[in-house]
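Novice: Provided herewith is a single structure, encoded as structure tokens, for subsequent inquiry.
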Amino acid sequence: MDEPEKTADLERRIALDARDWIVRLTSGNVSDAALQRFKAWRDLSPQHRLAFEREKIFWQQLQSIDSEAGGSYPLAGSPVPAPHGMRRRAFMAGGGAIAATAIAAVSLPRLRDWWSADFETAVGEQAEIALPDGSVATLNTDSAIAVDFTPQLRLVTLLKGEAGFSVRPGSTSLFRVSALGGNSDAQVTRFSVRSVEDVATVTVEQGDVRVAGQVAPTALYDRAPGEVRLTANQQTSYRAGERPETALAVDTDLVMAWRSGRLIFEGRAFSSAMAEVGRYVPEHIVLGPLVRPDIPVSAIFSTRNAYDAVQALAKTQGLTARRIPGVLIILT
């Protein structure tokens with residue numbers, strides 16, 4: 001075993017010891033002697049202290065799923081013994097609370113999307129929609145659109161997720177996709193709009209698209225302040241209430257590979273690749289403290305086999321993907 005491998009093995013063993021201490025300290029049955037042994041272990045080296053802090057943050061990520069919804073039970077918020085008597089039964093009850101609040105957290109937004117949407121897809125599903133003018137919208141995973149066509153404006157509102165559009169020629173009215181308070185206007189073109197994590201991203205495969213932020217969906221204008229014009233193989237993005245960024249050149253074969261059922265990563269950061277794959281599974285993916293998020297990965301996956309993609313990405317770092325169906329996938 002060479003030096004880097006020895007270092008990695010040592011770091012893993014320290015991390016596993018840190019996890020064991022997290023479990024003991026939250027068991028509700030920690031003696032003074034055990035607490036002293038923990039302090040002695042933690043103070044052995046800066047690596048031990050850092051490993052424990054990383055493990056604590058990891059479990060706090062799980063706790064935050066509940067605390068954001070007003071939960072109050074402790075999971076591993078600090079290296080202080082849990083209240084006396086907190087055994088496996090209480091921990092499992094807390095796990096049930098995590099599941100319930102995670103479901104509640106997504107149910108209301110989904111209900112709002114369902115009420116407003118004309119077309120939508122479930123997680124892992126894709127669908128091709130024929131629009132009233134003969135144009136075609138292709139919805140990616142967990143996406144929803146509302147359609148409102150008038151003689152003056154063909155308006156599609158992207159409520160969530162991602163959709164590709166093939167705009168049919170021949171109409172004199174403007175074709176518009178509205179997302180996050182911005183508009184993407186086109187005539188004859190192929191482009192996609194993505195609304196994920198409060199960022200809208202517009203990518204043009206063919207033709208040209210005018211992208212404007214801070215404008216009403218039904219507003220008619222010749223040119224909006226800060227408007228960005230995109231041509232083939234260009235992309236821009238914007239946040240709600242902000243103007244779009246300067247156009248950038250992109251490889252549309254990679255960006256739009258999902259339309260052919262593929263995810264293609266070329267030197268993409270591990271955490272970013274995992275987040276993208278995570279859009280195709282119903283569970284929330286949590287990265288454990290052993291994950292090296294910035295390590296680049298290159299791979300091609302099928303969108304139909306997202307769980308296999310999660311496991312394959314995990315193996316690139318020697319990690320295990322542990323799944324709680326419908327709730328969490330934890331990489332450790």
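The values are calculated or read from the model by the stated rules, or taken from the named source; none is laboratory data. Keep in mind that what you see is a predicted model, and the values were worked out from it rather than measured. Here the Cβ is made from the backbone with ideal geometry for all residues, glycine too, and neighbour counts use every protein chain on show.
Novice: I'd like to verify a number: residues in the range 183-224 that are of a type outside the set (S, T, N, Q), closer than 23 Å to Trp258 by Cβ and assigned to a loop (DSSP other than H, G, I, E, B), how many?
Specialist: 5
Novice: Give the number of residues within the range 258-300 that are part of a loop (DSSP other than H, G, I, E, B) and either within 27 Å of Lys56 (Cβ to Cβ) or not hydroxyl-bearing (Ser, Thr, Tyr) (or both). Steps first, answer last, please.
Specialist: Going through the range 258-300, the residues part of a loop (DSSP other than H, G, I, E, B) turn out to be 261, 279-283, 288-295.
Okay, now just the ones that are also either within 27 Å of Lys56 (Cβ to Cβ) or not hydroxyl-bearing (Ser, Thr, Tyr) (or both), so 261, 279, 281-283, 288-295.
Total satisfying the criteria: 13.
Novice: Right, next: In the range 231-257, what residues are crowded, with 20+ Cβ neighbours inside 10 Å and in a loop (DSSP other than H, G, I, E, B)?
Specialist: Answer for the range 231-257, where residues must be crowded, with 20+ Cβ neighbours inside 10 Å and in a loop (DSSP other than H, G, I, E, B): Pro244, Met256.
Novice: Something else now. Taking the options Val193, Val228, Val202, name whichever one is surrounded by 15 or more Cβ atoms within 10 Å (Cβ to Cβ) and out of contact with any Asp or Glu (no Cβ under 9 Å at 6 or more places or on another chain).
Specialist: Details: Val193 fails: out of contact with any Asp or Glu (no Cβ under 9 Å at 6 or more places or on another chain); Val228 fails: out of contact with any Asp or Glu (no Cβ under 9 Å at 6 or more places or on another chain).
Within the list Val193, Val228, Val202, the selection yields Val202.
Novice: What do you reckon, is Asp17 acidic (Asp, Glu), under 30 Å from Pro325 (Cβ atoms), at pLDDT below 50 and surrounded by 12 or more Cβ atoms within 10 Å (Cβ to Cβ)?
Specialist: On the way: acidic (Asp, Glu): yes; under 30 Å from Pro325 (Cβ atoms): yes; at pLDDT below 50: no; surrounded by 12 or more Cβ atoms within 10 Å (Cβ to Cβ): yes.
It is false that Asp17 is acidic (Asp, Glu), under 30 Å from Pro325 (Cβ atoms), at pLDDT below 50 and surrounded by 12 or more Cβ atoms within 10 Å (Cβ to Cβ).
Novice: While we're on this one: So in the range 106-135, with the set limited to residues that are farther than 18 Å from Phe175 by Cα and modelled with pLDDT of 90 or more, which one is surrounded by the fewest Cβ atoms within 10 Å (Cβ to Cβ)?
Specialist: So, considering only residues that are farther than 18 Å from Phe175 by Cα and modelled with pLDDT of 90 or more, the one surrounded by the fewest Cβ atoms within 10 Å (Cβ to Cβ) is Ala122.
Novice: Filter the range 272-322 for residues that are touching a residue at least 12 places away in the same chain (Cβ under 8 Å) and among the charged types (D, E, K, R); which is nearest to Glu11 (Cα to Cα)?
Specialist: Arg292
Novice: Of the numbered conditions (1) touching a helix residue (DSSP H, G or I) at 6+ places or on another chain (Cβ under 9 Å); (2) at pLDDT below 95, Gly164 fails exactly one; give the number of that condition.
Specialist: Unmet condition: (2).
Novice: Could you grab me the full set of residues in the range 128-168 that are under 20 Å from Val204 (Cβ atoms), among the hydroxyl-bearing types (Ser, Thr, Tyr) and in contact (Cβ under 8 Å) with a residue 60 or more places away in the chain?
Specialist: Thr138, Thr157
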